[in-house]
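Trainee: Pasting in a structure now, in structure tokens, and then I'll have a few things to ask.
The values are calculated or read from the model by the stated rules, or taken from the named source; none is laboratory data. Nothing here was measured: the structure is a model prediction, and the numbers come from that model. Heads up, the Cβs are rebuilt from the backbone with ideal geometry, glycines too, and the neighbour counts pull from every protein chain shown.
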Amino acid sequence: MTQNLPRPLSALHTDLPSHGPQCPPSACCIGQHPSPNPEPYLMYDILKLLHLIAAIVWMGGMTFMLLALRPATLAVMEPQPRARLMAQVWQRFFNVVLIAVVVVLATGGHLYAGAAKAAHASGNGLPLGWNLMAAFGLLMVLVFGHIRFAGFKKFQRAVAASEWPVAAAAAATIHKLVVLNFVLGWLAIGAVRLLR
Ligand code: HEM
């Protein structure tokens, strides 16, 4: 059966000696697979892949916005058409982020809860990096909620009413909060990759 499994699944299947179906998150298997059975491996891998895709979409979108779109529109556009363009861009981007947030929370929460249960049963704790990622992630979700449901609403209303100073102030707040989330995102990624 292990011959049919792609590496690293086959390697784990044969290399990990004594793990029950609820393998505790110990140094040998945490961050890899919670169980030696291929099906839980696959479920774990699929959830982690979805988690990664959502994080990449969110982080990639912020990278594009902060490093390409914003400086380009500042360089070539007048403030009012620029505000109208950003209202359209943010509307679409924040809808995508909303989906990414749901996926990050659902997959991350599921992976985290499963590992925390196994860790508790075996008397171990979860790696610091996992806890930091979850904390930074939750903070990012709160910041995003504020951007989407407070700052962006205010910006949209101001653009619709042609209240340009109000729109400019709301856009500046959105920009600062997106920068904050960008930094928190990299801290989350650094934590989960470096603090095992
Ligand atoms: C909101 C709460 C979050 C929770 C509960 C959570 C939970 C988890 C868990 C349990 C894993 C599996 C770790 C492993 O198998 O090594 C994981 C992986 C990962 N998460 Fe999160 N996560 C959250 C948010 C985020 C955010 C916001 C980002 C990035 C912006 C992120 C980036 C990653 C990355 C890059 C991995 C793969 C790490 C690796 O393969 O070593 N997570 N997450």
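Trainee: Tally the residues that are part of a helix (DSSP H, G or I), within 16 Å of the ligand (Cβ to nearest atom) and in contact with a Leu (Cβ under 8 Å, 6 or more places away or on another chain), restricting the search to segment 145-196. Outline the logic, then answer.
Mentor: Going residue by residue through segment 145-196, those that are part of a helix (DSSP H, G or I) are 145-160, 164-194.
Those still in the list that are within 16 Å of the ligand (Cβ to nearest atom) too: 145-148, 177-194.
The next check asks that each one be in contact with a Leu (Cβ under 8 Å, 6 or more places away or on another chain); those that pass are 146-148, 178-179, 182, 184, 187-188, 191-192.
Total satisfying the criteria: 11.
Trainee: Right, something else. Which count do you get for residues in segment 106-144 that are near the ligand (Cβ under 6 Å from one of its atoms) and part of a loop (DSSP other than H, G, I, E, B)?
Mentor: 0
Trainee: Restricting segment 36-87 to residues that are of a type in the set (S, T, N, Q) and either within 14 Å of the ligand (Cβ to nearest atom) or part of a helix (DSSP H, G or I) (or both), which is nearest to the chain's Cα centre (by Cα)?
Mentor: Quick first cut of segment 36-87, residues of a type in the set (S, T, N, Q) only: 37, 63, 73, 80.
Of the ones still in play, those that are also either within 14 Å of the ligand (Cβ to nearest atom) or part of a helix (DSSP H, G or I) (or both) are 63, 73, 80.
On the way: T63: 13, T73: 26, Q80: 32 Å.
Among residues in segment 36-87 that are of a type in the set (S, T, N, Q) and either within 14 Å of the ligand (Cβ to nearest atom) or part of a helix (DSSP H, G or I) (or both), the one nearest to the chain's Cα centre (by Cα) is T63.
Trainee: Starting from segment 183-196, take each residue that is touching a residue at least 40 places away in the same chain (Cβ under 8 Å) and closer than 13 Å to A135 by Cα and list its partners that are assigned to a loop (DSSP other than H, G, I, E, B) and not aromatic (F, W, Y), counting only C-beta distances under 9 angstrom and pairs at least six apart or across chains.
Mentor: V192/G31; V192/P127
Trainee: Could you list, in sequence order, the residues of segment 36-81 that are within 16 Å of A171 (Cβ to Cβ) and either surrounded by 13 or more Cβ atoms within 10 Å (Cβ to Cβ) or touching a residue at least 40 places away in the same chain (Cβ under 8 Å) (or both)?
Mentor: M62, M65, L66, L69, R70, T73, M77, P79, Q80, listed by residue number.
Trainee: For R92, only one of the following conditions fails: (1) of a type outside the set (F, W, Y); (2) closer than 28 Å to Y112 by Cβ; (3) at pLDDT 55 or above. What is its number?
Mentor: Only one criterion is unmet by R92, namely (2).
Trainee: Next question, about the same structure. Scan segment 63-118 for residues that are small (G, A, S) and under 30 Å from E163 (Cα atoms) and jot them down.
Mentor: A68, A72, A75, A83, A87
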